[in-house]
Amino acid sequence: HLHTISSFQEFADQVEHYVKTAQEFDSDFVLFPELFTTQLLSIRNPGEGALTINDLPSFTDSYMELFKGLAKSTGMHLIGGTHIIEDGGRLYNSAFLFYPDGRVGEQRKLHITPTEVKEWNMGAGDVLQVFDTDKGRIAILVCYDMEFPEIVRMAKARGADVIFCPSCTDDRHGFHRVRYSCHARTIENQIYVVVTGTIGSLPTVDFMRGNFGQAAVLTPNDVPFPPRGILAEGEINDDMIITADLDLALLEEVREKGSVTTWRDRRTDLYTDWK
């Protein structure tokens, strides 16, 4: 839930609350939503104007220190939603994976929405990353990225079994576009998709005044999994933490002898083999 705050410490306390709650459930990974650091733009000093998206990179060092410290102290992999960074005079919407050993991986958003371009002049990432962890190989694709099947196919071809999708949508239409796309990607590639989104509002922050979200852990639609392909989901527009256990062996099982074997049955004689 996005809140108007008065200091970075308030943001840090919020993050620590979620991380420590997830730790109580012995979580290996924790996923935060896209653009949840925009709460920092609601911080105002007396007599000064409202902060803008161009001010958000000034919080990057504090953001990195916070998440690196929590990943190390809890032993969990933290996906710190996304944060706006500046590089070469351009802004980028970047997701970061914080490893328990202090390493940090980065995936910049690859597909930029019209609003991000028009209102924020956001740059697009140009490299797809996959991340090796001691629990398996994963990828992180941000919100709109999931609406493009080619990029998820590429991630699966490079061995990713789980796609983490931090998201931020401001209405039902946007929410369901991303959600339905995530379901489709699980079926096409026989992978898991973990998605979460912002809720609430930031009345003083432009373009973050409304949010519509629901966290979910999604599976392929096949016999070993729940019939609707939903392993866990939260309540729409409620602030909560959901957890689920992902069995990677089940993915291999359905790829080899499922009711359908979509990954194996690709017609690479007709279209690109992303391998």
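Just a few scattered comments:
- Longest to shortest principal axis, alpha-carbon extents of the stretch 50-108, angstrom: 35, 23, 16
- Surface accessible to a 1.4 Å probe, per residue, for the residues of the chain, Å²: 47 Å²
- A protection proxy built from the mean count of other Cβ atoms within 10 Å ranks the segments 71-84, 94-107, 232-245, most packed first, as 71-84, 94-107, 232-245.
- Inverse mean reciprocal Cα-Cα distance (Kirkwood Rh) of the stretch 120-275, Å: 16.5 Å
- Choice from Y192, Y92, Y180 showing the highest fluctuation, given a GNM over the chain with Cα pairs closer than 10 Å: Y180
- Low-density loop cleavage sites - trypsin sites (Lys or Arg not before Pro) in the stretch 152-182, where at most 16 other Cβ are within 10 Å (DSSP): R158
- Computed over protein heavy atoms with a 1.4 Å probe, the carbon and sulfur contribution to the accessible area of the stretch 118-275 reaches 47%.
- Nearest-10 value in Å² for the accessible area of C182, using the 1.4 Å probe: 0 Å²
- Working note: Karplus 6.51/-1.76/1.60 with θ = phi - 60° gives the stretch 100-114 the couplings x, 8, x, 5, 9, x, 9, 10, 7, 4, 8, 10, 9, 5, x Hz, where Gly and Pro are set to x.
- Projected onto their three principal axes, the Cα atoms of the stretch 17-93 cover extents of 43, 31, 18 Å, largest first.
- As a length-normalised measure over Cα pairs under 8 Å and 6 or more apart, the relative contact order of the chain settles at 15 percent.
- Volume of the convex hull of the stretch 206-274 (Cα atoms only), normalised per residue: 158 Å³.
- Computed with a 1.4 Å probe on the full set of protein chains, the accessible area for K68 sits at about 90 Å².
- Count of lysine pairs in the chain with Cα separation under 22 Å (8 or more residues apart, or interchain): 13
- Derived value for the chain: Kirkwood hydrodynamic radius 19.1 Å. Basis is the mean of 1/r over every pair of different alpha-carbon atoms.
- Separation between Cα centres of the stretch 175-246 and the stretch 100-138, rounded to whole Å: 18 Å
- Crossing angle, helix 248-257 versus the chain [Cα axis fit, 0-90 degrees, rounded to tens]: 40 degrees
- Inverse of mean 1/r across different Cα pairs in the stretch 84-195, Kirkwood, Å: 14.5 Å
The values are calculated or read from the model by the stated rules, or taken from the named source; none is laboratory data. What you see is a predicted model; the values in this text were computed from it and never measured. No Cβ is skipped: glycine too gets one built from the backbone with ideal geometry, and neighbour counts run over all protein chains shown. In case anyone asks, the SASA skips ligands and DNA or RNA and just uses the protein heavy atoms, side chains included. Shrake-Rupley method; radii C 1.70, N 1.55, O 1.52, S 1.80 Å.
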